[in-house]
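Student: Please read through the structure below; I'll follow up with questions.
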Amino acid sequence: MVDSGNSPAHANDFLRLIEKIDSAPVKFAVITHWHWDHVFGMKTIDHITISTDETKKKIEYMTTLKWDDTSLDERVATGEEIEFCRDMIKREMPTRDHLQLKIPDITFTHKMEIDLGGITCVIEHVGGVHADDSCIIYVPEAKVMFLGDCIYQDFYSGDWSYDQQQLTILLEKIKKYEVEHYVTGHQDPKTHDEMWSFFDDLTSIGEMVGEETDLHQAVTKFHEVRKAPPTEEQLEYIENFISGNRKTMRNS
C-alpha cells in the first residue's frame, strides 16, 4: 500500500475496497512523504509502515502538534502552516478530536528493496522541491512507478514554485528506471509517453524562463520560441519558475 490517506475515513474507504478485490492481504504501507494528506490515515490502516528517516522525523514532530481549529489557525498566522492545507484539513475532517498520528515502523536513508513474493518494490529517496523527504516506489515486474508528490511544486515557501536545477536532478533519478505507467499522488495514472511529454514541456519552460524574474519578459520569450502564447497551465508553470528564481535571489 502506498501512503495512508488524508483521514481515518479515507483510509477506511480504501481498506473496504481492498476487501472486495482478489488480492493478498495488505501488510505494509510505504509513506512517500510527511504531508498530512498522506499520513493522517496511518493509525487507521494499522499496518507496518515504511518511510525515509526524514519522513519519520517530520511525523514525530507532527505528533507533538495540536490539530484543533484554533491551533491550525495559529500555525497559519505564524507561517508554519499554509492556508490551503488548513482549509483542506478542516474540510476533510470537520472535527479532529480523536485524530491520532502514527510514527513509521521501519525507516531507510537512501534506498531499500522489499520482496513481496514474486513482486518487488524498490523504494528510493529522491527529494524534490515539494518535500525534501519524498520517495518513489518502483515495481520492476510491472514496470510501474508510484511518484507520490515528488514532481509537484513547493507550496510551503510563499508562492508556489519550481527550481529548474532541482527539477533536473529529480527527473534524472526518475529516468533511470524502465517504467510503462506512472502513478502520481493527485492525478490519474499516466503512460510513459504521457508522463514524459509533461516532463519535457515542464523542463522546456524552465529552460526558457532561465533566471528571469519578470513575468512579462518570460511570457514574451515563450511566445517567441513556441510561436504561440502559453496555455493557462503553461502560464502557471512560467509563474512557478519565476517564483523559484525570486526565492533564490532572496536567499542568496
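The values are calculated or read from the model by the stated rules, or taken from the named source; none is laboratory data. All values reported here derive from a predicted model rather than from experimental measurement. Please note: Cβ atoms are built from the backbone with ideal geometry, for glycine as well, and neighbour counts cover all protein chains shown. Please note that ligands, DNA and RNA were not included when accessible areas were found on the heavy atoms of the full protein model with its side chains. Shrake-Rupley method; radii C 1.70, N 1.55, O 1.52, S 1.80 Å.
Student: Each residue of segment 118-129 in order: what ³J(HN,Hα) in whole Hz does its phi give by Karplus 6.51 cos²θ - 1.76 cosθ + 1.60, θ = phi - 60°, with x for Gly and Pro?
Tutor: Listing the rounded values in order: x, 10, 10, 10, 9, 10, 10, 6, 10, x, x, 6 Hz.
Student: For segment 33-130, how big is Rg over Rh, using alpha carbon atoms and the Kirkwood form of Rh?
Tutor: Numbers: Rg = 15.3 Å, Rh = 15.1 Å.
Here the Rg-to-Rh quotient is 1.02.
Student: List the pairs from LYS102/LYS175; LYS175/LYS247; LYS27/LYS56; LYS173/LYS227; LYS66/LYS176 whose alpha-carbon separation is above 29 Å, in the order I gave them. Provide the component values of the computation, followed by the final result.
Tutor: On the way: LYS102/LYS175 32 Å; LYS175/LYS247 27 Å; LYS27/LYS56 19 Å; LYS173/LYS227 32 Å; LYS66/LYS176 41 Å.
From the list (LYS102/LYS175; LYS175/LYS247; LYS27/LYS56; LYS173/LYS227; LYS66/LYS176), the Cα-Cα distance tops 29 Å for LYS102/LYS175; LYS173/LYS227; LYS66/LYS176.
Student: Can you work out the base-10 log of I(q)/I(0) for segment 117-222 at q = 0.12, 0.15, 0.20 1/Å, using the Debye formula on its C-alpha atoms alone?
Tutor: Once normalised to I(0) and log-transformed, intensities are -0.44, -0.67, -1.08.
Student: While we're on this one: Tell me the Kirkwood hydrodynamic radius of the chain in angstroms, computed as one over the mean inverse distance between distinct C-alpha pairs.
Tutor: On the way: mean 1/r = 0.0510 Å⁻¹.
Kirkwood hydrodynamic radius for the chain: 19.6 Å.
Student: How much area per residue is accessible in the chain when the probe is 1.4 Å and only protein heavy atoms are counted (Å²)? Intermediate values should be presented prior to the final figure.
Tutor: On the way: 13690 Å² over 252 residues.
About 54 Å² of surface per residue is accessible.
Student: Where does each of 37-49, 194-206, 128-140 land if you order them by average Cβ count within 10 Å, highest first?
Tutor: Working: 37-49: 21.1, 194-206: 16.9, 128-140: 22.8.
In descending order of packing, they fall as 128-140, 37-49, 194-206.
Student: Right, another one. Explain nothing, just compute: Karplus ³J(HN,Hα) = 6.51 cos²θ - 1.76 cosθ + 1.60, θ = phi - 60°, for every residue of segment 37-42 in order, whole Hz, x for Gly and Pro.
Tutor: 6, 10, 10, 5, x, 4
Student: How large is the convex hull of the Cα atoms of segment 121-171 per residue, expressed in Å³ as a whole number? Intermediate results must be reported in sequence, preceding the final value.
Tutor: Working: hull volume 3.3 nm³, N = 51.
Cα convex hull per residue, to the nearest whole number: 65 Å³.
Student: If packing is taken as the average number of other Cβ atoms within 10 Å across a peptide's residues, how do 166-177, 220-231 rank, most packed first?
Tutor: Working: 166-177: 15.1, 220-231: 12.6.
Ranking, from highest mean packing down: 166-177, 220-231.
Student: Rounded to a whole number, what % of the accessible area of segment 101-252 do carbon and sulfur atoms account for, probe 1.4 Å? Write down the numbers at each step before the final one.
Tutor: Numbers: 4000 of 8080 Å².
The value for segment 101-252 is 49 percent carbon and sulfur by accessible area.
Student: Starting from the Cα gyration tensor of segment 190-252, multiply each eigenvalue by 5, take the square root, and state the resulting semi-axes largest first in whole Å.
Tutor: On the way: eigenvalues 91, 47, 15 Å².
For segment 190-252, the semi-axes come out at 21, 15, 9 Å.
Student: Moving on. Which whole-number percent gives the relative contact order of the chain, counting Cα pairs below 8 Å spaced six or more residues apart?
Tutor: Values: 387 pairs, mean separation 33.7, N = 252.
About 13 percent, as a whole number.
Student: Amide H to amide H, which residues 5 or more places from THR184 or on other chains are under 5 Å from it, using H placed in the peptide plane?
Tutor: LEU147, LYS190
Student: Here's a follow-up. Please sort by residue number the GluC sites (Glu not before Pro) in segment 56-154 whose DSSP state is loop and whose Cβ has at most 13 other Cβ atoms within 10 Å.
Tutor: Details: sites: GLU60, GLU74, GLU80, GLU81, GLU83, GLU92, GLU113, GLU124, GLU141; in loops: GLU80, GLU81, GLU141.
Filter output for segment 56-154: GLU80, GLU141.
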